[in-house]
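What follows is a set of notes on a single structure, which appears directly below.
The values are calculated or read from the model by the stated rules, or taken from the named source; none is laboratory data. These figures come from a predicted structure and were not determined experimentally. Please note: Cβ atoms are built from the backbone with ideal geometry, for glycine as well, and neighbour counts cover all protein chains shown.
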Amino acid sequence: MSGRDGGRAVAEAEMLKRVQARVDRAIARAGLSADMGFDDVVHAVARAVGIRLRVVRETDTSGWGTLTGYLTFFADRGEASIHVRASDPALYSQFAASHELGHLLDDAHCTGALHERGARERSAVVPDHDPLLTTPEVETELVAEHVAHRISRLLYASPRVAESSW
């Protein structure tokens, strides 16, 4: 391994440590637990962030391309909405919404509109493979994605979910 590759590996490991710490703080911030349903998770995030929050299932998504969801956040009004495609299966749109919940819960969500620039164009691109993203933007997207995975595990990996499918 060259010095450059070794340096990259160290930088990636450090970034993943930062991402994991931010994800842990995000989940703890909302007090999310396995006994919650999706609506409970949304309400917990709204309480944690101190805003009014709603999830909107959009029927007219003809201009969305590969975009699966997006967040509108109005700090001055204390409200936000998460928009997902109504045509997607519920589990898929809940995951897309959970990604946006991750943005709200992340410590860095208020540092600027990191996701607005080109969000529609890069929505299907893995964050660490998009050359247009800066390192802080990659980290922010990874935090949101990891929060979405943690929320999914809370919602769907518990015995209560397995039992309900019998």
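Assorted remarks:
- Qualifying residue in the range 149-157 (condition: at pLDDT below 85 and surrounded by fewer than 18 Cβ atoms within 10 Å (Cβ to Cβ)): yes
- Residue match in the range 31-50 (condition: among the hydroxyl-bearing types (S, T, Y) and in contact with a Gly (Cβ under 8 Å, 6 or more places away or on another chain)): no
- Candidate set: the range 91-136, residues that are of a type in the set (A, V, I, L, M), modelled with pLDDT of 50 or more and part of a helix (DSSP H, G or I); chosen: the one nearest to W64 (Cα to Cα): A96
- Summed over the range 19-37, the residues that are touching an Asp or Glu at 6+ places or on another chain (Cβ under 7 Å) and among the small types (G, A, S) give a count of 1.
- In the range 81-90, residue nearest to R153 (Cα to Cα) [restricted to those that are in a loop (DSSP other than H, G, I, E, B), touching a Ser or Thr at 6+ places or on another chain (Cβ under 9 Å) and not hydroxyl-bearing (S, T, Y)]: D88
- For L67, the conditions (1) farther than 23 Å from E137 by Cα; (2) without any contact (Cβ under 8 Å) to a residue 60 or more places away in the chain; (3) in a loop (DSSP other than H, G, I, E, B) all hold with the exception of (1).
Listed here are the residues, each with its yes/no results for (1) at pLDDT 90 or above; (2) out of contact with any helix residue (DSSP H, G or I) (no Cβ under 6 Å at 6 or more places or on another chain); (3) over 18 Å from H149 (Cβ atoms).
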| position | (1), (2), (3) |
| --- | --- |
| G6 | no, yes, yes |
| Q20 | yes, yes, no |
| V23 | yes, no, no |
| D39 | yes, yes, yes |
| R47 | yes, yes, yes |
| W64 | yes, yes, yes |
| E79 | yes, yes, yes |
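- G31 passes every criterion in (1) on the phi > 0 side of the Ramachandran plot; (2) surrounded by 16 or more Cβ atoms within 10 Å (Cβ to Cβ) apart from (2).
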